[in-house]
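A.B. asks: Got a structure for you, questions after.
Quick note: the coordinates plus some simple rules give every number you see, no bench work behind them. Because the structure is predicted, anything quoted here is derived from the model rather than measured. So basically every Cβ, Gly included, is an ideal-geometry build from the backbone, and we count neighbours across all protein chains shown.
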Amino acid sequence: MDLVIRNARLDKTGEPVEVGISGGIITAVSHESLPVAEKEIDAQGAMISPALVEPHFHLENALIWDGALNHSGTLHEAIQVYGAIKKDMSLDDLVRRASIALETTIAYGVQWFRSHIDIDRTAQLNLLRGNIAVREKFKDLIDIQLIAFPQMGMARDPQVIDLMWQAMDNGADVVGGMPHAENDMNDAARHIEIAFEMARKHNADIDMHIDETDNPYWHSLELLADQTIANGWHGRVSAGHCCAMSAWDDAMAERIIAKVAEAKINVITMAPINLMLEGRADSHPKRRGIARVKELMEAGVNVSCGQDDLQNMFYSYGNMDPLEVALITAHAAHLRSPAEIEATFDMPRYHAAQNFRLQNYGIFVGARANLVIIDANSAVDALRRQGDRRYVIRDGRVLTETQTHIHRHYEA
Ligand SMILES: [Zn+2]
C-alpha cells in the first residue's frame, strides 16, 4: 500500500480504524493492524472523514472588499455595486483572489467545489475565461465545477441566452439560473425552460439560485420541480437559497416541498448570507429568510449548505470552512438534537456530495482516497470546535497538514 492511516476513528460510528490506500483508492478499512506501507500517518485518535464538499460559491468576486461599498446591505445593491466592478475586472486579479479562497478551503479539507460565473451583457464570457484559468491552475489540488450563471435574467434579454449557449460550449460544466431576476413568474417559467434546453443538449446538471428574496410572490422552486419531473432530470438539479419559502404560508410550503422531494432536487441553504441579506426591511418580528431546512429534511429532501461569498459586497465575513457554515446553519434552522447534529455535519459532506452525484464518496473499499482527518471525536465536536484539519489527502497524496500546538506555560 502507498499510505496507511493508523489510530483513526470512523466519522459515522467513532470506531477505531486503520485505512489503507493504493493508487489513489481506499483498498482497506480494518479494525486489525494493516501491514507497513510506504508512507504512514498516525491520526492520534482523530476522525477520518471523506473530504468536504463546497456546493455553492462565487470565486470571481471573492475578497473584493470595501466595507462602504454596499450602503443598504441588500442583495439588490450588492448586485448593482458588483455590476460596476465586473466591467473592468482584471483576470489576473480574479485568479489572485480566487487562489487565496481555494488555498484556504483546501486546507479546511474541501476537495469538491462549485463556482457560479456571471454570464451577462457586462461580463460577456470574460469571467468564464478567468474561472477556467483558475480551474486549470488548481486541477491537481481540487475538483472544480463551473456553473454558467445568468444573474441578470434570460427571458428579458435574448443576448444573454446566446451568451449562455456559448458558455456551455466553452467550458462551463453546469447550467445555472436566477428565475426571480425576471419580471414575473411567467418569465421565470421561460427562464427555467431555456435552462432545461441547454441541459438536455449538453447532458448537463442544473444548479440555480432560486427565490433569493423574502417576497412570497416568488415560487420559482415549484416551476423548477415541475420541469425537473417533466424532463426526467431527477437528482440532477440543485436549488440554492430558496429564501422565499420562509415567507410562504404553510400550505403552499407543504405543496411545493412535496414536489421538490418527488423531483429529488438538492436544496442548498446559504444561511450566513441569507441571515445577513434577507429580512432587512422588516420591522420586528424579522423574518430569518432561510429555507425551511427541517421541513425539507423531514420530507426526504437532500439539504446541504454553502459558503456562497467571501468578504465582498454581498457578505462582510466568511472563512471558507464548511464546518463554520454548517454551524451557522444549525443556529439559523434550530438544529440541535443528536439526529439533527448528524444531519448538519453531513451537509458539507455526504449531502453536498449528492449534488455532484459522487458514487465513490465515503470511507469504504473502492472509494476515492480524498480524505480529511479532523481533530474531533464526534459530529457535535466537529461542529462545535471546528478543530484542526490535521491532514487533507487527495487521491492518496497528502496536500496539507495543520496542527495547533498550545503551549501551556503555566505548567511546570
Ligand atoms: Zn450564490
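A.B. asks: What ranking, highest mean first, results for peptides 155-162, 264-271, 380-387, 352-359 when packing means the other Cβ atoms within 10 Å averaged over each residue? Working shown, then result.
C.D. replies: Working: 155-162: 15.9, 264-271: 25.9, 380-387: 17.4, 352-359: 19.4.
The densest-packed peptide leads the list: 264-271, 352-359, 380-387, 155-162.
A.B. asks: Out of the chymotrypsin sites (Phe, Trp or Tyr not before Pro) in the range 17-104, which ones are loop residues according to DSSP with at most 14 other C-beta atoms within 10 Å?
C.D. replies: Numbers: sites: 57, 65, 82; in loops: 65.
Taking the range 17-104 and a limit of 14 other Cβ atoms within 10 Å, the loop chymotrypsin sites (Phe, Trp or Tyr not before Pro) found are 65.
A.B. asks: Can you pull out the GluC sites (Glu not before Pro) in the range 29-64 that DSSP calls coil and that have at most 16 other Cβ atoms within 10 Å?
C.D. replies: Passing sites in the range 29-64 are 32, 38.
A.B. asks: Between residue 262 and residue 287, how many nm apart are label points set 7 Å from Cα along the C-beta direction?
C.D. replies: The two pseudo-label positions are separated by 2.5 nm.
A.B. asks: Ok, one more. If you take every DSSP beta bridge fully contained in the range 1-146, what fraction is antiparallel? Give it as a percent rounded to 5.
C.D. replies: Bridges in the range 1-146 are about 40 percent antiparallel.
A.B. asks: What nm distance separates the two modelled labels at residue 100 and residue 10, each placed 7 Å from Cα along Cα→Cβ?
C.D. replies: 4.2
A.B. asks: Expressed as an acute angle from 0 to 90° and rounded to the nearest 10, what is the orientation of the C-alpha long axis of helix 185-202 relative to the principal long axis of the chain?
C.D. replies: The helix 185-202 is inclined about 50 degrees to the chain.
A.B. asks: Counting only the backbone N, which residues of the range 251-265 are under 12 Å from the spot 7 Å out from the Cα of residue 229 toward its beta-carbon?
C.D. replies: The answer is 255-265.
A.B. asks: Below 9 angstrom from the Cβ of residue 333, what's the summed charge of the other residues (Lys, Arg +1; Asp, Glu -1)?
C.D. replies: Details: positive: 288, 292, 294; negative: 340.
Local net charge: +2.
A.B. asks: Need one number: % antiparallel among DSSP beta bridges in the chain, to the nearest 5.
C.D. replies: Numbers: 23 of 55 bridges.
Antiparallel bridges: around 40 percent, rounded to the nearest 5.
A.B. asks: What whole number of Å gives the distance from the Cα centroid of the range 111-177 to the Cα centroid of the range 224-298?
C.D. replies: Between the Cα centre of the range 224-298 and that of the range 111-177, the gap is 24 Å.
A.B. asks: Still on this structure, I have one more. Just the Kirkwood number for the chain, please: inverse of mean 1/r across all distinct Cα pairs, in Å, one decimal.
C.D. replies: With all distinct Cα pairs of the chain included, I get 21.8 Å.
A.B. asks: Testing the spin-label approximation: label points 7 Å from Cα along Cα→Cβ at residue 377 and residue 294. State their distance in nm.
C.D. replies: In this crude spin-label approximation the distance works out to 3.0 nm.
A.B. asks: Next question, about the same structure. Can you tally the net charge around residue 167? Count Lys and Arg as +1, Asp and Glu as -1, for every other residue whose Cβ sits under 11 Å from the Cβ of residue 167.
C.D. replies: Values: positive: 129; negative: 118, 120, 162, 169, 173.
Every neighbour counted, the sum reads -4.
A.B. asks: Which FRET efficiency value, to the nearest 0.05, is calculated for residue 200 and residue 124 with the Förster distance at 25 angstrom and r the Cβ-Cβ distance?
C.D. replies: For residue 200 and residue 124, the calculated efficiency is 0.50.
A.B. asks: For a label point 7 angstrom out from the Cα of residue 88 toward its Cβ, which stretches of the range 39-65 have the backbone nitrogen within less than 19 Å?
C.D. replies: Residues 61-65 fall inside that zone.
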